[in-house]
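Q: Attaching a single structure in structure tokens format; questions to follow.
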Amino acid sequence: MRQKLRQFSANLSPEEAKEYSKIISGQSSPAQASILHSLYEYLEQED
């Protein structure tokens, strides 16, 4: 799963990467955090 996340973040545009790093570092809104949490759970099911 971590490898998938690295691949995902490597493919982001510079603007997207900025937003992604905000979310990862906990500076996101509760709604963004909830969506990201759901995404993590989904990705974990794949492994």
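Q: In debye, nearest 20, what is the charge dipole magnitude of the chain about its Cα centre with +1 on Lys and Arg Cβ and -1 on Asp and Glu Cβ, if you could check?
A: Charge dipole, the chain, about its Cα centre: 200 debye, nearest 20.
Q: If you project the alpha carbons of the chain onto their three principal axes, what span does each projection cover, largest first, in Å?
A: Here the Cα extents, ordered largest to smallest, are 28, 24, 13 Å.
None of the figures in this text is laboratory data; all of them are computed from the coordinates on show. Predicted model, so just to flag it, every value in this text is computed and none were measured. Glycine gets a Cβ as well: all are built from the backbone with ideal geometry, and neighbour counts include every protein chain shown.
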